[in-house]
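Reviewing the structure listed below.
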Amino acid sequence: MSERTTDPAEPPARGEGMDCATESFVAYRNLLFTVAYEMLGSATDAEDVLQETWLRWMKVDVAQVSDQRAYLVRITTRQSLNRLRTMKRRKEAYVGPWLPEPLLTTPDVAEDVELAESVSMALMLVLETLSPTERAVFVLREAFDVSYNEIAAAVGKSPAAVRQIAHRARHHVEARRPREAVSPGEARAVLESFQRALQTKDLQGLLDVLAPEVVVISDGGGVKQAAPRPIIGADKVARFIVGGLGKAQVALTGDPIVINGNPALLVRVDGEIDGVIAIRVEDARITGLYYVGNPKKLTHLEAETPLTLR
């Protein structure tokens, strides 16, 4: 292993002593993390992929690489595909519904509509329904605008096959993603109404803000109490929330934060962090509620995670 190896989780700062390979990796680190995270839905696994990408990059003769960004994205994609297949076995043994790992994100992520949508909990959940190769192709093409030739090199397919996969994946996602983009202001207004109803245990207030077909998915990972399967319908969801709070006899608060570039709530029970609520909004009502309470998935809430599509 080269002596210049370092930990990509704590990349060195730019400086005169930095070699070309390290400087390139640091320059594209946020991009590579975003690629891995969108493919995996797990920040922890994305960081592992970056470590693997770094180790392979250190063995490359950088002087012979004409497009370093494309080369690094290719390595990251291949490592993410390997990791996806491992994660599939973990998810099959997972207790209850599985949700993506929430990230506390920087203000610029929320301001970038394209980026915020691509990492939203709602879209990330849709990506879970794709095969590993379909997900890789969709993410690289739709989010990062990678050429078909570059994607083909990354996933080990012909450009023609990649085009077919991209078309199939796009059709699949479009049929399941929100019909129209919602502005951050509208999402915050809806979330504030939900927050008031939640903290006051107001059944009618919840019914007013929930769409008739709303779906709740809660991820406790077998560690925290959660619904074992999705709950569908405004009346069932509202009664589930109010009924659960009434039985718990606890002091519950929801603090507005930005998760994955979108308005969300950090939920505290008796002052202690209990989980994160992300929402999907359509026509000024909540159509999706995603509650992540698994403590292992709440490790990226203390510091903002920089993400980028460029």
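Cα atoms only: what Rg and Dmax, in Å, come out for the stretch 248-299?
Just the Cα atoms of the stretch 248-299 yield Rg and Dmax of 11.7, 33 Å.
Considering only protein heavy atoms, what per residue accessible area in square angstrom results for the stretch 19-129 with a 1.4 angstrom probe?
That works out to 40 Å² for each residue.
Work the Kirkwood hydrodynamic radius out for the stretch 16-147: mean of 1/r over every pair of different alpha-carbon atoms, inverted, in Å.
Computed over Cα pairs of the stretch 16-147, the Kirkwood hydrodynamic radius comes out at 15.6 Å.
What is the angle, in °, between the Cα long axis of helix 159-174 and the longest principal axis of the Cα atoms in the chain? Nearest 10 is fine, range 0 to 90.
10 degrees
What part of the accessible area of the chain, given as a whole %, is carbon or sulfur when the probe is 1.4 angstrom?
50 percent
Give the relative contact order (percent, whole number) for the chain; include only Cα pairs under 8 Å separated by 6+ residues.
For the chain, the relative contact order is 22 percent.
Once you wrap a convex hull around the alpha carbon atoms of the stretch 169-228, what is its projected area averaged over all directions, in nm²?
Over all viewing directions, the stretch 169-228 projects a mean Cα-hull area of 6.3 nm².
Please tell me the relative contact order of the stretch 191-310 in percent, rounded to the nearest whole number, where contacts are Cα pairs under 8 Å and at least six residues apart.
Dividing the mean separation by the residue count of the stretch 191-310 yields 26 percent.
Any lysines with Cα under 27 Å of the Lys297 Cα? List them, leaving off those in the same chain fewer than 8 positions away.
Leaving aside lysines fewer than 8 places away in the same chain, those within reach of Lys297 are Lys88, Lys91, Lys201, Lys224, Lys236, Lys247.
Roughly how big is the chain's charge dipole about its Cα centre, with Cβ charges of +1 (Lys, Arg) and -1 (Asp, Glu), in debye to the nearest 20?
1300 debye
I'd like the Kirkwood hydrodynamic radius of the stretch 72-122, using the inverse of the mean 1/r over distinct C-alpha pairs, in Å.
13.4 Å
Can you list residues whose amide H is under 5 Å from Val281's amide H, if they're 5+ apart or on another chain and H is modeled 1.01 Å from N?
For Val281, the qualifying residues are Thr287.
What ³J(HN,Hα) values, in whole Hz, does the Karplus curve 6.51 cos²θ - 1.76 cosθ + 1.60 give for the stretch 62-75 when θ = phi - 60°, with x put for Gly and Pro?
Once rounded to whole Hz, the list reads 4, 4, 8, 9, 6, 10, 5, 4, 4, 5, 5, 5, 5, 4.
With a 1.4 Å probe and every protein chain left in place, work out the accessible area per residue of the stretch 173-258 in Å², rounded to a whole number.
Using a 1.4 Å probe on heavy atoms only, each residue of the stretch 173-258 averages 56 Å².
Do me a favour and compute the ellipsoid semi-axes for the stretch 120-257 from its Cα gyration tensor, root of five times each eigenvalue, largest one first, whole Å.
Listed largest to smallest, the semi-axes of the stretch 120-257 are 39, 16, 13 Å.
Across all directions of projection, what mean area in square nanometres is found for the Cα convex hull of the chain?
If you wrap the Cα atoms of the chain in a convex hull and average its projections, you get 16.6 nm².
For a Förster distance of 30 Å, can you work out the FRET efficiency between the beta-carbons of Arg56 and Ile273, rounded to the nearest 0.05?
For R0 = 30 Å, the calculated efficiency reads 0.25.
Please list, in chain and number order, the residues 5+ apart from Glu304 or on another chain whose amide H is under 5 Å from its amide H, with Hs placed from the backbone.
none
Could you tell me how many cubic angstrom of Cα convex hull volume the stretch 178-287 has per residue?
104 Å³
The values are calculated or read from the model by the stated rules, or taken from the named source; none is laboratory data. Keep in mind the model is a prediction, meaning the values are calculated, not measured. Don't worry about glycine lacking a Cβ; one is built from the backbone with ideal geometry, like all the others, and counts go over all protein chains shown. Just the protein is used for accessible areas: all its heavy atoms, side chains included, with ligands, DNA and RNA removed. Shrake-Rupley method; radii C 1.70, N 1.55, O 1.52, S 1.80 Å.
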